């Protein structure tokens, strides 16, 4: 049998040991939860490797090439008219010269206005396309996080917002595979 002093010593140690065990359990719980919940994706890799980005970018580039070719064609026509004017100018009257100069200036202004409109349209379409792709990725990542029990998924962009992360916390490849499968209808 134990004597009273041994029991007293054990009971005095029981409370601090219980508190210590509880603290270790809580710390272990939060550490294990945080490693499985704090994950990230590399946003730049998602944008670059997402199949939709490649498809939409190719279509966008084809459309912009056509728009730029239209502007180039108009500029070439104007330059040819200007060369013809330069050749014929010596045989023109003052009135014909003034009229031709005014016509050439008006045409040049119209081409410049059209060129600015085309550039603005290209820029707006590029922004719209990029935003659509970003929205698509964000929606997928949100659903991925919900379906896989992640409370937070960080987005790394290579500019220092995530300086270090353990290998297992990078979901980029998993998300990219699922995102491309969803886009391709698999």
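Once the Cβ-Cβ distance of residue 74 and residue 138 is raised to the sixth power relative to R0 = 41 Å, the FRET efficiency obtained is 0.55.
As a size descriptor, the averaged projected area of the C-alpha convex hull of region 133-186 was calculated at 4.3 nm². Let a ≥ b ≥ c be the square roots of the eigenvalues of the Cα gyration tensor of region 72-186; is it rounded (a/c under 1.5), or, if not, prolate (a/b larger than b/c) or oblate? Because a/c hits 1.5 or more and a/b exceeds b/c, region 72-186 counts as prolate.
Sorting 40-48, 166-174 by their mean Cβ neighbour count within 10 Å, with the most densely packed peptide first, gives 40-48, 166-174.
How much FRET efficiency would the formula 1/(1 + (r/R0)^6) give for residue 128 and residue 62, where r is the Cβ-Cβ distance and R0 is 22 Å, rounded to 0.05?
Details: r = 16 Å, r/R0 = 0.73.
According to the calculation, E is roughly 0.85.
By definition, a body whose alpha carbon gyration tensor gives a ≥ b ≥ c is oblate when a/c is 1.5 or more and a/b is not larger than b/c, and region 62-122 fits this oblate description.
The numbers here are math on the coordinates, done by the rules we state, and not lab data. These figures come from a predicted structure and were not determined experimentally. Quick reminder, even Gly has a Cβ in these numbers, built from the backbone with ideal geometry, and neighbours come from all protein chains shown.
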